[in-house]
Amino acid sequence: MTSFDCKNKFKPLTEGTYLKNAEEYKRLYKQSIEDPNAFWYEKAQEFLTWDKSFTTISSGTLKQGNVKYFEDGYLNVYQNCVLRHKEKKPNDVALIYEADDPEDARTITWLELSEQVQLYARVLKHLGVKKGDVVTIYMSTSPEAVYAMLACSYVGAIHSVIFGGFSSEAIKARVLDSKSRFIVTQNLARRRGKLVPMKATVDRAIGGLDFIRSVLVDERVSNMKDQFEMKSNRDIDLKPFVSEFQKGGKYENENADLQAMSMNAEDPLFLLYTSGSTGKPKALIHTTGGYLLNAALTHKTVFDIREGDRYGCMADLGWITGHTYIVYAPLVNGTTTLLFESTPDYPRITRYWEVIDKWGLTQFYTSPTAVRFVMTYGTEPLKDFSLKSLRVIGSVGEPIGVEAWNWYFKNVGKSKCYLVDTYWMTESGAIMISAIPGVTTLKRGSATLPLFGINPQLLLNGDNPQNQELNLEKKSKKQFLEIAENSQSGILTIKGHWPSITRTILGNHKRYLDTYLNPYPGYFLTGDSAYRDMDGLYFIKGRIDDVLNVSAHRFGTSELESAITLHPNTVEVAVVGMPHKIKGEAIFVFCVLKDKRVDEKKTKNELKVLLQKTISKVATPEHIVLVDSLPKTRSGKIMRRILKKIVTKNYEISTYGDLSTLLNPDSVKQIVQNVKKLF
Ligand code: PRX
C-alpha cells in the first residue's frame with residue numbers, strides 16, 4: 001500500500017488548516033489521551049457557547065457505564081447552531097436544499113433558519129410538547145426536517161428521526177418503544193420523481209395507538225389533499241399553522257418571545273434507532289454538550305472547514321451521518337451545509353457532479369456504496385464537470401477498498417483533494433478514525449489514525465488466538481490481551497470514553513452494558529475487527545457480529561429473520577451477508593418452508609415483499625434459497641459460518657471445518673447444490 005506524504009502532494013492545504021502539522025496532531029492527540037480533561041476543557045470553550053459554565057469536565061467510567069461530560073454545564077442548542085451565526089452573518093446561506101427535482105432547489109439564510117426554527121418551536125410549545133418528550137420526525141432530507149429537529153431542542157424535547165424509507169411497521173415499533181406522542185411528517189415526499197406516501201404510511205403505523213397527541217403534516221408536495229386523510233383533533237396542516245404564529249396570524253402573540261431552552265450538557269438531544277446483532281432495533285441516546293462538541297471538533301478537523309466553505313454530505317437525515325455531519329456539526333461551526341434529497345442517478349447519472357459544480361462545494365462526503373455505483377458508469381459522466389471547488393472528499397459507512405478509493409481519489413478528487421475515509425458508528429456520535437487533511441498521512445483503503453480522545457486497541461480474544469471466527473457470546477472472552485505490535489489484526493475496541501459516546505439504550509441500560517461495555521471491561525466494543533499496519537494505520541475489516549452493512553445501512557440478521565418468519569409458511573430462516581460489488585454486502589436468505597408443495601417463485605416473492613414492507617426497500621434480499629433444513633449444532637444453533645462460506649462461493653465442504661458436531665450434516669450438501677444453481 002502506498003501512503004502519501006501530505007506535505008509534498010497537497011501543498012495548498014498546509015496553509016491555514018485547523019491544525020498546523022503532524023507534530024501538532026501528535027502533541028494534541030497525546031494530550032487528549034493522557035490528560036483528557038485539560039484537552040476537552042479547552043475545546044469546550046473554543047467550540048461551544050455556554051449559558052452556564054461547567055466545573056466538572058468528565059466523570060464516571062466505562063466499567064460502570066455511567067460516563068458524563070460537563071455535567072453541571074448548561075448550553076442552548078439554538079444559540080450554538082443558529083443564533084450566534086445569525087447575529088454575525090444573517091444573510092449568508094445556512095442551508096442549501098438540493099431537492100429531489102433539481103428545479104426545486106433553494107437556499108435558506110441564517111436569518112431565515114432562525115425564524116423558521118423559532119416558529120416551529122412555538123408550534124410545538126402550543127401543542128404541549130414539554131422538556132423530555134420524544135418527537136418523531138418522519139420526513140425526507142429537507143429544510144423542514146431540520147427546522148423540526150432544531151425546534152425540538154428549542155423546547156427541550158428529544159427528537160427521534162426515522163429514515164424516510166422505513167415502512168409503517170418499522171415506524172410503529174419505534175413510536176411504541178419511545179412512547180412518542182408527537183409526530184412531524186410530510187403529506188408526500190418525492191423520491192426519484194415518484195411520490196412517496198409519507199402521511200399515509202404514518203397513518204398505518206399509528207392506527208390504534210391512542211397515545212398519539214398530534215401529527216404535524218408539512219405540505220412537501222402541493223395540491224395532494226386527496227392522497228391521504230387528516231384526522232380532526234390530531235392532524236395539523238403545518239404550513240398554514242406555522243403562518244398563524246407569524247405577524248398577523250391568529251397566534252401572533254402566543255409565545256412570541258419564547259426563549260430557547262437552556263439544556264444541561266447531559267440532557268438527551270436525540271435518540272436514534274439502530275440495529276444490533278440480537279433483538280429489536282435499539283434507540284441510542286446522545287446527549288447535548290459532549291455530542292455537539294465532538295461533532296464540531298471532528299468536522300472542523302477532518303473536513304478542513306474554513307469560513308465561507310460550502311460543505312455537502314450526501315447522506316439521509318435519518319442516519320447518524322445526517323444528524324452529525326449534515327445538521328449539528330456544520331451548524332455549530334457556522335458552515336453552509338447541503339441537504340441532498342435525491343439519489344446519484346436522478347434525473348441523470350451526473351447528479352452528484354452537477355451538485356458539486358452548481359454550488360461550488362468545497363467538501364463532498366458520501367458512502368463507498370455510492371462511489372461503487374457511480375463507478376459502474378465509468379468516467380464519461382464526469383467529463384463536463386470541473387469539480388475544481390473541492391478540497392476534501394470523504395467516505396463513510398463501510399470499508400472503501402482500494403479500487404473504489406483509487407477511482408474516487410483520481411476522478412472526483414482529481415488526485416489533488418484529500419480523501420478522508422472516516423470510520424465511526426451511530427454509537428460513537430462522531431468520527432473516530434480518519435485522516436486529517438494537510439496534517440496526517442493518507443493511505444489507500446485505510447481510515448488511518450485515531451482522532452482526539454479515541455484510543456483504539458486491537459484485542460486478542462483469549463478464546464481464539466487466530467481471531468478468525470469470534471463468537472461474541474462465549475463467556476471466556478473475558479480473557480483478552482491488547483495487541484501491542486503493528487502488522488496485526490484484532491477485535492477493534494476503544495479504551496476509555498470520549499464526549500460523544502452514546503450514554504445508554506432507551507429503556508434498556510443492561511443491553512447497553514452487555515453489548516458495548518461488559519464484554520471487555522474498560523473498553524468500548526465497536527463490533528468491528530481491524531488490521532493495524534506496520535506504520536500503525538488502521539484498516540477496518542468489517543463486523544464480527546451478526547450485523548449486516550447493506551449499502552451502508554445497518555441490519556441485524558435476527559431483525560431480518562424475524563421479519564421473514566412472519567410468513568405463515570416458514571419454519572426456519574437464516575440470513576447471512578454475501579459480498580456485493582455495489583452494496584458492499586447483500587442479504588442472502590436461507591429458508592425452510594412448512595409446506596413445500598407451493599409455487600416457489602411466488603413464495604420467494606412474498607418473502608421479498610415481506611422484508612420490504614416490514615423493514616424497508618433497502619432490506620430487499622439479493623437471493624432467497626429454499627432448503628430442507630439448516631445446518632445446526634446439537635444444541636440447535638444455526639451454523640452461520642458454514643452458510644457464510646457457501647455464499648462466498650466456497651463450495652469445498654472439506655474446508656468448512658469439523659462438521660461432525662452438526663445435527664444434520666447432510667443439509668450442507670443440499671445447500672451447496674442449491675446455491676451453486678444460482679450462479
Ligand atoms: O462496520 C462499521 C461500518 O459501519 C458500522 C456502523 O454503522 P452505523 O452505525 O450505521 O454508522 C454508519 C455511519 C457512521 C461500523 O461498525 N463503518 C462505518 N464507517 C466505516 C465502516 N467500516 C469501514 N470503514 C469506514 N470508514
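In table form, for the structure just shown:
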read-out	value
Where N is the number of residues in the stretch 255-368, Cα Rg divided by 2.2 N^0.38 Å	1.23
FRET E, pair Thr56, Thr107, Förster distance 41 Å, beta-carbon r, rounded to 0.05	0.50
Cα-projected label distance for Lys677 with Lys194, points at 7 Å along beta-carbon direction, nm	3.0 nm
Order by protection proxy (mean Cβ within 10 Å, highest first), peptides 430-441, 173-184	430-441, 173-184
Exposed-site-free run, longest, the chain (rule: GluC sites (Glu not before Pro); DSSP loop; at most 12 other C-beta within 10 Å)	16-228
Computed label-point distance, nm, for sites Lys601 and Lys541 using a 7 Å Cα→Cβ extension	4.2 nm
Relative compactness, the stretch 550-625, computed as alpha-carbon Rg over 2.2 N^0.38 Å	1.04
Only Lys, Arg (+1) and Asp, Glu (-1) charged, at Cβ; the stretch 153-199 dipole about Cα centre in debye	240 debye
Surrounding net charge for Thr661, when Lys and Arg each add one and Asp and Glu each subtract one, Cβ distance under 12 Å	+2
Using a Förster distance of 22 Å, the FRET efficiency for Glu485-Lys30 (Cβ separation, nearest 0.05)	0.65
Fully extended contour minus Cα-Cα distance, from Lys414 to Arg641, at 0.36 nm per residue	77.6 nm
Per residue solvent-accessible surface (Å²) - the stretch 213-334, probe of 1.4 Å	36 Å²
Accessible-area composition of the chain, carbon plus sulfur, in percent [1.4 Å probe]	50 percent
Accessible solvent surface per residue of the stretch 14-72, calculated while the other protein chains remain in place, 1.4 angstrom probe, Å²	55 Å²
Dipole magnitude of the stretch 508-626, debye to nearest 20 (Cβ charges: Lys/Arg +1, Asp/Glu -1, about Cα centre)	400 debye
Residue-averaged [θ]222 nm for the chain, counting only DSSP H segments that reach four residues, each worth -39500 (n - 2.57)	-7500 deg cm²/dmol
Overall dimensions of the stretch 326-450 by Cα: Rg and Dmax, Å	14.1, 40
Per residue, in Å², the accessible surface of the stretch 544-679 once ligands and nucleic acids are set aside, probe 1.4 Å	47 Å²
For the stretch 1-155, convex hull of alpha carbons as volume per residue, Å³	237 Å³
Length-normalised contact order for the stretch 124-214 - Cα pairs under 8 Å, 6+ apart - percent	32 percent
Assigned charges on the beta-carbon of Lys, Arg, Asp, Glu; the stretch 287-428 dipole about Cα centre (debye)	440 debye
Euclidean distance of C-alpha centroids, the stretch 43-119 and the stretch 264-281, integer Å	20 Å
D (Stokes-Einstein, µm²/s), Kirkwood Cα radius, the stretch 74-161, 1.002 mPa s at 20 °C	159 µm²/s
Sum of side-chain charges, Lys225 neighbourhood, beta-carbon under 15 Å (Lys, Arg +1; Asp, Glu -1)	-3
Counting DSSP beta bridges with both ends in the chain, the antiparallel % (nearest 5)	60 percent
Shape box of the stretch 360-399 [Cα atoms, principal axes, largest first, Å]	28, 23, 10
Compactness relative to 2.2 N^0.38 Å, alpha carbon Rg of the stretch 567-679	1.06
Summed residue charge, Cβ within 11 Å of Arg543's Cβ, Lys/Arg positive, Asp/Glu negative	-3
Two-decimal Rg/Rh across the stretch 487-554, once Rg and the Kirkwood Rh are taken from alpha-carbon atoms	1.00
Packing rank of 562-570, 444-452, 195-203, where each peptide gets the mean count of other beta carbons within 10 Å, highest leading	444-452, 195-203, 562-570
With eigenvalues of the C-alpha gyration tensor scaled by 5 and rooted, the stretch 222-316, Å	33, 24, 19
Calculated P(r) tail over 39 Å for the chain, as whole % of Cα pairs	32 percent
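The values are calculated or read from the model by the stated rules, or taken from the named source; none is laboratory data. What you see is a predicted model, and the numbers here were worked out from it, not measured in a lab. Cβ sites come from the backbone with ideal geometry, for glycine too, and all protein chains shown count toward neighbours. Areas reflect the complete protein model, heavy atoms only, side chains present, ligands, DNA and RNA absent. Shrake-Rupley method; radii C 1.70, N 1.55, O 1.52, S 1.80 Å.
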